[in-house]
Each structure stands twice: as structure tokens, then as C-alpha cells.
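J.: A single structure is presented below for examination.
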Amino acid sequence: MIHWLLLLALQYDPNLSPKFSESSRLLQQQRFPEAISILETLTKEKPAVGEYWFALGIAQAASGNSTASLAPLEKACTIPDRVARACYHWGRQLDQAYRGALAESALRPKNSAEIQLRYSAFLIRQGKIEASLWQLDQVIRKQPFFGIAWREKAGLLMAVGRKEDAADALEQAIAHGERNRENLLLLSRLYAELGNKDKAQSYKNEATPQ
């Protein structure tokens, strides 16, 4: 925790809001709820500033709330005004939250599934496709009606050329809340590539009704 606070202080940009300086001071004093309150306001007022999201994620992590730190750290890592060092901390917090989710999986399968879904997205960014697929399989095992997880799995299966499995996964996604034009057209294209013209046309007609 001390390392993160020093890192935040050393990287402070004086051109940022005076409120940011105040939040940094509160963090150094370990007055986390007050710092978090200020940083939440800053991210709402200036959502395009990566440093604000990074600081909020660090504050949440320093307060012991790894799960709450994930969204702001992910934002800091991925928005146009990204903070490169945020990606490292996002991965670190994902690892911690993931381990905690596994420990609690028997009692809180929904929460642990959501953590593993986010962790799978992180693994995709690292190019670890098979590891990400494994995580998604665990998510689906815990939450078989989680349409988003099925859709993510379909995308990965397509990326590795497993079109039949991808079509099956996308069918599940559509059956569990992800029935939209984009997914219907994607499934139509998949079936066309697999040579199933009837299904391809059926999904295309549903996606683009006359």
C-alpha cells in the first residue's frame, strides 16, 4: 500500500485539478473514504482524464476493496488518455480478486463468475486465448444462463478457428439475453461459412426483417 501511495504522489501532475492534490494528501494520510469521495466526483466531472480513474482505483485498492478498484483501473488502462502504469495495477488487482473469488465460489457463485469474466477479458488483452477460454468455461459452469459469457466464448472460439463450437456458443448467448441484430448477423455468417444455408438465411431474416 505504501508503494502505491508514493507512486501516486511522485506521478502527480500539477496541471490537474486542485481537488486531485487534496485527494493525494488524503491518501497519504490514509483517509481513504474522503479521498475516494473526491476522486469519484472528479471522474464524473472529467471522465476523459485517465489520472483521475487511476487514482480512484489505487484509492479503492489501498482501502482493501480490490473488487471496487477493478472498474476504475480498467478505465485508466483503456481510455484514450490512458495511464500505462494503470494496466499493471489492474492486472494485479484482477489476480487478487480472482483468487478471492475462487475462495468464495462455493458460497457466492454469481460474484465469483463476474470476477472471472473480467479476468478472462484481461487474459485476452495479454493474448492468452486458451487461458481465457478456461476462465469462461468456469464462468458458464457457475452461471449457465450468463449470456455475455457465452458471447465472449463465441468470439474466442471464432478467433481460433473453431467455427462449429463458436456457433453453438453464440446460440446459447442468443438464448440467454443476447438476442440482438449484431449477434444474429454474426451467427448467420457463421452458419453460411459452415455450409448451413437454411440456418444462415433464417438468422439473417430475423436480423433484417423486410
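J.: Considering only residues of the stretch 73-88 that are open to solvent by less than 50 Å² (accessible area, probe 1.4 Å) and closer than 20 Å to residue 135 by Cβ, which is modelled with the highest pLDDT? Even if it seems obvious, please write down each step before you answer.
T.: Pass one, the stretch 73-88, residues open to solvent by less than 50 Å² (accessible area, probe 1.4 Å): 73, 76-77, 79, 83, 86-87.
Next cut, closer than 20 Å to residue 135 by Cβ only: 73, 77, 87.
Working: 73: 90, 77: 87, 87: 83.
So, considering only residues that are open to solvent by less than 50 Å² (accessible area, probe 1.4 Å) and closer than 20 Å to residue 135 by Cβ, the one modelled with the highest pLDDT is 73.
J.: Follow-up. Working carefully through the options 164, 193, 130, 206, find the one that is without any contact (Cβ under 8 Å) to a residue 60 or more places away in the chain, within 25 Å of residue 78 (Cα to Cα) and open to solvent by 70 Å² or more (accessible area, probe 1.4 Å).
T.: Numbers: 164 fails: within 25 Å of residue 78 (Cα to Cα); 193 fails: within 25 Å of residue 78 (Cα to Cα); 206 fails: within 25 Å of residue 78 (Cα to Cα).
Sole residue among the options that is without any contact (Cβ under 8 Å) to a residue 60 or more places away in the chain, within 25 Å of residue 78 (Cα to Cα) and open to solvent by 70 Å² or more (accessible area, probe 1.4 Å): 130.
J.: Determine which member of the set 112, 202, 132 is in a helix (DSSP H, G or I) and over 29 Å from residue 67 (Cβ atoms).
T.: Result of the check over 112, 202, 132: 202.
J.: Is at least one residue of the stretch 58-72 open to solvent by 80 Å² or more (accessible area, probe 1.4 Å) and either at pLDDT 85 or above or in a helix (DSSP H, G or I) (or both)?
T.: First, the residues of the stretch 58-72 that are open to solvent by 80 Å² or more (accessible area, probe 1.4 Å): 67.
Filter once more, keeping what is either at pLDDT 85 or above or in a helix (DSSP H, G or I) (or both): 67.
Yes, some residue in the stretch 58-72 is open to solvent by 80 Å² or more (accessible area, probe 1.4 Å) and either at pLDDT 85 or above or in a helix (DSSP H, G or I) (or both).
J.: Which number in (1) surrounded by fewer than 22 Cβ atoms within 10 Å (Cβ to Cβ); (2) modelled with pLDDT of 85 or more marks the one condition that residue 102 misses?
T.: (2)
J.: Related question: Restricting to the stretch 27-49, name every residue that is crowded, with 16+ Cβ neighbours inside 10 Å and within 15 Å of residue 69 (Cβ to Cβ).
T.: Listed by number, the residues that qualify are 27, 32, 35, 36, 39, 40, 43.
J.: Restricting to the stretch 105-116, name every residue that is at pLDDT 80 or above and open to solvent by 30 Å² or more (accessible area, probe 1.4 Å).
T.: Once the filter is applied, which keeps residues that are at pLDDT 80 or above and open to solvent by 30 Å² or more (accessible area, probe 1.4 Å), the stretch 105-116 yields only 114.
The values are calculated or read from the model by the stated rules, or taken from the named source; none is laboratory data. Bear in mind that the values here come from a model prediction, so they are computed numbers and not experimental data. Positions of Cβ are backbone-derived with ideal geometry, glycine not excepted, and every protein chain shown enters the neighbour counts. Side chains included, ligands, DNA and RNA excluded: accessible areas come from the protein's heavy atoms. Shrake-Rupley method; radii C 1.70, N 1.55, O 1.52, S 1.80 Å.
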